[in-house]
Amino acid sequence: MIIVGFVTTLLISVFASYPAFGSKGVFGFVAKINVAAPSDMCATFVTIHGYKCHEYEVTTDDGYILSVQRIPQGRVGGSGHNRQPVLLQHGILVDGATWVMNSAEQSLAMILADSGFDVWIANTRGTRYSLRHLNLHSYNPDYWNWSWDDLVVHDLPTFVNLVYEQTGHKAHYVGHSLGTLIALASFSEGRQIDKIKSAALLSPIAYLSHMTTALGVVTARSFLGEITTIFGLAEFNPTSAPVSIFVKALCAQRGINCYDFLTALTGKNCCLNASTVDLFLKNEPQPTSTKNFVHLAQTVRDGILRKYDYGSFINNLAHYGEVKPPQYNLANIPRDLPLFLSYGGQDALSSTKDVETLLDHLKNHDVGKLHVQYVKDFAHADFILGTTAKDIVFNQIVTFFSNQH
């Protein structure tokens with residue numbers, strides 16, 4: 001069985017190297033998805049452990065209906081009214097359930113709730129709990145016409161505003177992987193700063209030029225060209241037949257061991273137990289848009305963090321008024337915004353060299369406002385699913401948040 005969880009590098013490899021083959025492309029279709037009931041996540045992952053859990057739905061300004069779960073208090077009780085809110089943002093090809101898949105004692109969402117915080121779990125567009133739209137069905141390719149730029153502009157503000165409106169407090173933020181990228185990009189443009197108290201970024205993704213995955217070796221950073229017409233702006237469903245074909249093709253490459261696919265993609269995770277991995281594979285991966293992966297592939301190719309490249313100066317001019325997409329300048333992140341960054345020595349996606357590049361952009365951050373943790377043995381998945389994450393990382397996050405007054 002081929003494990004496709006956390007397949008970011010594989011898909012970036014595909015999009016960075018695959019040639020043009022016409023206006024529709026193999027991804028000009030949308031696979032059928034089973035849409036979970038809005039209450040499934042609370043009932044399946046949270047209330048079974050004795051926690052209260054509330055479901056919210058909120059609509060973005062471009063019509064996507066997003067699901068949010070709230071754990072207002074710990075198991076011992078206490079109102080969430082005056083508790084400091086924390087917003088948890090998942091990465092790519094997964095959803096908010098990844099924050100609650102371990103035992104209550106090992107899952108960050110429950111640990112935060114038991115530590116006195118009011119916990120909010122976001123689910124971005126395209127994932128099973130956030131598949132609806134005011135006017136578009138998820139079978140319609142137009143539904144999938146977005147990249148992570150749109151998560152910066154539409155989804156993240158919608159989540160942050162919901163928390164602020166419901167609680168009246170600025171929120172602490174926790175992002176993992178792509179959840180860190182959209183936060184960094186947002187903060188660099190001054191978005192949400194007035195409603196965010198601090199941010200903890202796990203396996204931070206901003207630059208992708210030094211990925212060390214086995215699959216990264218076969219990544220061809222070729223020019224993407226008119227990518228919008230090559231693939232069609234449609235759903236990328238990791239469980240669909242076309243993706244399986246690409247996976248098998250890459251697995252045939254010399255040096256790629258698909259019997260341990262998760263390690264080949266994310267690095268050697270030190271601390272995942274079998275039951276958590278089994279539960280993860282029963283619930284993930286989630287679909288995303290083809291355009292989203294194309295955008296990530298552009299970051300690999302160019303070594304620059306910037307908005308989506310529409311493939312020609314004419315198209316870019318139409319979208320941005322510039323021949324090249326505008327860059328996200330992370331040095332513009334407010335220097336007094338408290339940041340906690342945690343990255344791993346075995347992480348093949350968020351490599352130490354790329355994190356060092358990110359830290360260089362933050363070198364002028366105010367003294368005492370930037371906290372950096374390096375975990376030598378951790379890889380990408382350990383930061384949310386690892387059995388030792390509580391002692392090594394999560395307790396540090398609780399302390400960091402508690403110290404922000």
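The values are calculated or read from the model by the stated rules, or taken from the named source; none is laboratory data. Model, not experiment: these values are computed from the prediction. No Cβ is skipped: glycine too gets one built from the backbone with ideal geometry, and neighbour counts run over all protein chains shown. SASA here: full protein model, heavy atoms, side chains in, ligands and nucleic acids out. Shrake-Rupley method; radii C 1.70, N 1.55, O 1.52, S 1.80 Å.
Of all the criteria given as (1) closer than 18 Å to SER198 by Cα; (2) open to solvent by less than 10 Å² (accessible area, probe 1.4 Å), the one not satisfied by TRP99 is (1). For the stretch 276-293, state whether one or more residues are within 27 Å of VAL153 (Cβ to Cβ), touching a residue at least 40 places away in the same chain (Cβ under 8 Å) and of a type in the set (A, V, I, L, M, F, W, C). Among the residues of the stretch 276-293, at least one is within 27 Å of VAL153 (Cβ to Cβ), touching a residue at least 40 places away in the same chain (Cβ under 8 Å) and of a type in the set (A, V, I, L, M, F, W, C), which makes the answer yes. What number of residues in the stretch 305-353 are in a loop (DSSP other than H, G, I, E, B) and open to solvent by less than 60 Å² (accessible area, probe 1.4 Å)? Final tally of qualifying residues: 21.
When the residues of the stretch 128-146 are filtered to those that are under 18 Å from the mean Cα position of the chain (by Cα) and among the aromatic types (Phe, Trp, Tyr), the one that is nearest to THR44 (Cα to Cα) is TYR129.
Of the residues making up the stretch 293-344, those that are of a type in the set (Gly, Ala, Ser) and touching a strand residue (DSSP E or B) at 6+ places or on another chain (Cβ under 7 Å) are SER342, GLY344.
The residues of the stretch 105-142 that are farther than 19 Å from ALA381 by Cβ and assigned to a helix (DSSP H, G or I), listed by number, are LEU112, ALA113, ASP114, PRO141, ASP142. Here ASN123 fulfils each of the conditions (1) within 24 Å of PHE236 (Cα to Cα); (2) buried (at least 24 other Cβ atoms within 10 Å of the Cβ); (3) modelled with pLDDT under 95 apart from (3).
Considering the stretch 262-280, the residues that are under 18 Å from the mean Cα position of the chain (by Cα) and modelled with pLDDT under 80 include one that is most open to solvent (accessible area, probe 1.4 Å), namely LEU262. Of the residues making up the stretch 354-377, one or more are hydroxyl-bearing (Ser, Thr, Tyr) and farther than 26 Å from GLU105 by Cα. Pairs linking a residue in the stretch 69-89 that is of a type in the set (Gly, Ala, Ser) to a residue that is at pLDDT 90 or above and open to solvent by less than 30 Å² (accessible area, probe 1.4 Å), with Cβ atoms under 6 Å and 6 or more positions apart or on different chains, are GLY74/ALA113; GLY80/PRO72; GLY80/GLN73; GLY80/ASP118.
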